[in-house]
Ligand SMILES: [Ca+2]
Ligand SMILES: [Ca+2]
């Protein structure tokens with residue numbers, strides 16, 4: 001009897017029809033699925049936040065290390081100034097810093113003498129323009145843009161023969177005007193009429209943008225630049241001279257121009273020197289997954305005081321060009 005009453009009791013309770021049970025099951029599965037998706041998204045977000053925070057910390061550390069390398073470069077250059085009055089490629093400052101292990105990565109650094117390159121801002125001087133013409137020819141770049149470069153730098157707006165002033169640039173889309181002052185950076189060359197990306201890609205390794213009167217250091221200049229200082233010089237002779245120079249640098253410009261290979265070539269001492277004031281530091285820091293490059297231009301006064309006059313974080317000039325060359329040559333594309 002008890003069993004029958006109990007059985008009757010159960011049969012009195014409401015029961016879900018078959019379809020209702022299916023809906024309940026699907027709802028339960030959906031709730032579990034949504035909960036899983038939310039949990040996964042939260043984990044992803046947390047991982048992302050953690051990674052982003054780590055990257056920010058790595059970047060701050062990398063900047064600190066890069067500035068440390070800049071400080072090291074300044075100390076090396078100051079020490080060098082006390083040792084002698086000339087600069088050449090076998091001095092301590094000129095050696096590349098081998099990868100130096102740091103906590104979580106490594107750092108490398110290299111100093112280059114910017115006076116071992118042709119100073120674009122000296123091109124208003126006819127002698128320097130001649131030398132730059134020969135340098136362009138030596139690296140197979142058409143020197144036809146040099147009058148336009150002179151117009152770009154000179155203060156007036158009078159267009160010289162084969163030159164270009166505002167009239168040429170304001171017709172472009174987008175329009176712009178000639179700078180009428182010295183180049184602040186060599187990448188400005190890309191805005192000058194007649195300079196193609198290909199030309200720039202070649203020239204960037206041979207030129208600098210320093211104050212107009214800054215000379216070329218014959219102890220650090222490349223063979224091609226030395227060869228361009230005057231006419232009809234035999235390249236193998238220059239190569240031999242450079243090998244000797246690297247061990248026995250010139251302590252005076254007189255000694256350089258008196259070299260036998262220049263006999264009868266009317267080489268002038270103008271814009272030549274044996275010591276340098278402008279250097280380019282390139283420091284690369286690899287920390288975590290965040291590589292960082294710092295390029296700094298350092299000025300060293302005659303008494304050895306170092307001043308940072310330009311600082312750039314990010315890709316090198318070469319990297320910048322490959323990333324944005326189309327934008328940089330929005331003006332003249334030849
Ligand atoms: Ca020195
Ligand atoms: Ca001008």
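Results for (1) closer than 18 Å to residue 148 by Cβ; (2) touching a helix residue (DSSP H, G or I) at 6+ places or on another chain (Cβ under 7 Å); (3) crowded, with 21+ Cβ neighbours inside 10 Å, shown as yes or no for each residue.
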{"site": "164", "(1), (2), (3)": "yes, yes, yes"}
{"site": "170", "(1), (2), (3)": "yes, no, no"}
{"site": "182", "(1), (2), (3)": "yes, yes, no"}
{"site": "187", "(1), (2), (3)": "yes, yes, no"}
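For the stretch 150-190, a residue qualifies if it is near ligand 2 (Cβ under 10 Å from one of its atoms), part of a helix (DSSP H, G or I) and under 24 Å from residue 229 (Cα atoms), and the qualifying residues are 150, 151, 152, 153.
For every residue, the table says whether it meets (1) farther than 30 Å from residue 289 by Cα; (2) modelled with pLDDT of 90 or more.
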{"position": "5", "(1), (2)": "yes, no"}
{"position": "54", "(1), (2)": "no, no"}
{"position": "87", "(1), (2)": "yes, yes"}
{"position": "110", "(1), (2)": "no, yes"}
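Within the stretch 171-189, one or more residues are in contact with a strand residue (DSSP E or B) (Cβ under 6 Å, 6 or more places away or on another chain) and away from ligand 1 (no atom under 16 Å from the Cβ).
When the stretch 270-289 is filtered for residues that are in contact with a strand residue (DSSP E or B) (Cβ under 9 Å, 6 or more places away or on another chain) and either within 17 Å of residue 101 (Cβ to Cβ) or part of a loop (DSSP other than H, G, I, E, B) (or both), the ones remaining, listed by number, are 271, 274, 275, 276, 277, 283, 284, 285, 286, 287, 288. Looking only at residues in the stretch 110-129 that are closer than 16 Å to residue 221 by Cβ and assigned to a helix (DSSP H, G or I), the one that is nearest to the chain's Cα centre (by Cα) is 114.
When residue 132 is tested against the conditions (1) touching a strand residue (DSSP E or B) at 6+ places or on another chain (Cβ under 7 Å); (2) not in a helix (DSSP H, G or I), the lone failure is (2).
Might you check whether a residue that is loosely packed, with under 14 Cβ neighbours inside 10 Å, free of Cβ contacts under 8 Å to residues at least 40 places away in the same chain, outside any loop (DSSP other than H, G, I, E, B) and in contact with a helix residue (DSSP H, G or I) (Cβ under 6 Å, 6 or more places away or on another chain) occurs anywhere in the stretch 254-265? No - not one qualifying residue is present in the stretch 254-265. Scanning the stretch 266-300 for residues that are farther than 30 Å from residue 61 by Cα and either touching a residue at least 24 places away in the same chain (Cβ under 8 Å) or within 16 Å of ligand 1 (Cβ to nearest atom) (or both) turns up 266, 267, 268, 270, 271, 272, 273, 274, 275, 276. Residue 101 fulfils the conditions (1) over 22 Å from residue 248 (Cα atoms); (2) surrounded by fewer than 19 Cβ atoms within 10 Å (Cβ to Cβ); (3) modelled with pLDDT of 95 or more except for a single criterion, (3).
Looking for whichever is surrounded by 15 or more Cβ atoms within 10 Å (Cβ to Cβ), without any contact (Cβ under 8 Å) to a residue 60 or more places away in the chain and either within 33 Å of the chain's Cα centre (by Cα) or within 16 Å of ligand 2 (Cβ to nearest atom) (or both) here; the options are 91, 96. Which one fits? Reasoning before the result, please.
Values: 96 fails: surrounded by 15 or more Cβ atoms within 10 Å (Cβ to Cβ).
When all the criteria are applied, what remains is 91.
The values are calculated or read from the model by the stated rules, or taken from the named source; none is laboratory data. From a predicted model like this one, the values you see are computed outputs, not experimental measurements. Here Cβ is always computed from backbone atoms with ideal geometry, including for glycine, and neighbour counts include all displayed protein chains.
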